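Shown next, in structure tokens, is the structure this report addresses.
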Amino acid sequence: MNDNPGTLNSWKLDITTTPCVEKHAWSELTLTGTGPEPRHRHSSVVINDSLYVWGGVGLGEKKLSDMWRLDYVGSGGSGGEGGGSWTGERVPEMATED
């Protein structure tokens, strides 16, 4: 032990760890309807119990201007399975950023 208190050598740190306990887990949702095609560079937002997906770039780098909504229905309890339904339509040509 160092005789000069206040230096790093004069302190001891004991760390006690415990195993991690998972508080959240992924579960697969049961969805109805046909969802959107694969895409990237899209916009999405959650409002209340709905997920909205707009536009993006699809397969073959095709520009997309469609809007989709997933209405989520939870299990009502903790940890159970939920579900939802997809609805979507093509939005008439809109001004998009290139």
By residue number, the members of the range 19-69 that are in contact (Cβ under 8 Å) with a residue 12 or more places away in the chain, among the charged types (D, E, K, R) and out of contact with any strand residue (DSSP E or B) (no Cβ under 7 Å at 6 or more places or on another chain) are Glu28, Glu37
Filtering strands (runs of 3 or more DSSP E) wholly in the range 15-60 for at least 2 residues that are within 22 Å of Gly83 (Cβ to Cβ), aromatic (Phe, Trp, Tyr) and modelled with pLDDT under 80 gives none
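The values are calculated or read from the model by the stated rules, or taken from the named source; none is laboratory data. The structure presented is a predicted model; accordingly, all values stated were derived computationally and were not measured. Because the Cβ atoms are built from the backbone with ideal geometry, glycine has one as well, and the counts that use them run over all protein chains shown.
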